[in-house]
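Peer 1: Got a structure for you, questions after.
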Amino acid sequence: MRSVQLGLGDALVMADVQNDFVTGSLAVPGSAEVVPLLNHYAAAFAARSLPVFATRDWHPPDHCSFRESGGPWPVHCVAGTEGAAFVAGLILPAGTIVVSKATALDREAYSAFAGTDLDASLRSRGTRRLFVGGLATDYCVLHTVCDARALGYRVFVLLDAIRAVDVAPDDGTKAIAAMQRAGAETIEIGAID
C-alpha cells in the first residue's frame, strides 16, 4: 500500500456518524467499527492543523425521505433529537466544522455539497484534496465523493472507515467501484503519513 503525506490543502470529511445510523432507526451494519478509525484520522488531521468537517443529516420532522411522507426511509436524524446527534464515541477535534444537510422539507440531499456551503468553506481554506469516510458508503459517502470529484477535488476514500447500508446485495461494493470510476482513490489507515 502506498503512503499519502498529509499537508496544506488537505481536509477530512466525516460523513453522518450519527446515532440513528449507528444504533438507531436506520442503523448501518458494522457502523460502530468506523468510529475509532475516524477518531484516528481526525487526530492525524488535527495534529497537523488541517481542517476537519463533520457532516450530519439534519432533517425536519416530516422530511420527504421518510416513509410517512412517501420516501424510502424510516424517520431518522430529525434536527435537534438524540438520533441526529453525533455518536458519543466520535471525538471531534477543536475547530471541527459541522455541515448540516438535507434540511429542506421537500429535498433529499445525500451529498454534503447539496444545499450547503461546504464547497465555499473548503475553497476559502485552499483545500485541494479531500479524505472522506463515514456513513453510508452507498449513499452519503458515494454522493459526496462524486460531487467532490465533479467540483475538481482530488479525493481519497477511507476504505476502512466506511460502511454500507446494502439495501440490495453488493450496493457498497458497487458504490466503491462508482467512486473509483469517478476518479477517487482508496486508502486505509496505514497509508496516512
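Peer 1: So how do 37-45, 154-162 stack up, highest first, on mean other-Cβ count within 10 Å?
Peer 2: 154-162, 37-45
Peer 1: Sticking with this structure for a sec: Express the relative contact order of region 36-133 as a whole percentage, based on alpha carbon pairs under 8 Å and six or more residues apart in sequence.
Peer 2: Relative contact order here is 29 percent.
Peer 1: In whole percent, what relative contact order does the chain give with Cα contacts below 8 Å and a gap of six or more residues?
Peer 2: Value for the chain: 26 percent.
Peer 1: Now for a separate question. Relative to the present Cα-Cα distance, how much length would full extension add between Asp170 and Ala94 at 0.36 nm per residue of separation?
Peer 2: That works out to 23.7 nm of additional length.
Peer 1: At R0 = 22 Å, how high is the FRET efficiency between Glu82 and Ala32 if r is their beta carbon distance? Nearest 0.05 is fine.
Peer 2: 0.85
Peer 1: Same structure again: Students often get this wrong: which residues of region 117-151 have the backbone nitrogen under 17 Å from the point 7 angstrom along Cα-to-C-beta of Gln5?
Peer 2: 128-129
Peer 1: OK, next. If you restrict to DSSP beta bridges whose two residues both lie in the chain, what percentage is antiparallel, to the nearest 5?
Peer 2: Rounded to the nearest five, the antiparallel share is 5 percent.
Peer 1: How do the peptides 87-93, 3-9, 108-114 rank, highest first, by the average count of neighbouring beta carbon atoms within 10 Å per residue?
Peer 2: 108-114, 87-93, 3-9
Peer 1: Let me ask another. Hey, what did region 93-193 get for relative contact order, percent, Cα under 8 Å, at least 6 apart?
Peer 2: Averaging sequence separation for qualifying contacts and normalising by length gives 24 percent for region 93-193.
Peer 1: Right, next: What does the net charge come to around Pro74 if you take all other residues with beta carbon closer than 10 Å to its beta carbon, with K and R at +1 and D and E at -1?
Peer 2: -1
Peer 1: Same structure again: Looking only at region 60-93, which residues have a backbone nitrogen under 11 Å from a spot 7 Å from the Cα of Thr103 in the C-beta direction?
Peer 2: 60
Each reported figure results from applying straightforward, stated rules to the coordinates on display, with no laboratory input. All values reported here derive from a predicted model rather than from experimental measurement. Ideal geometry is used to build each Cβ from the backbone, glycine not excepted, and the neighbour counts take in all protein chains shown.
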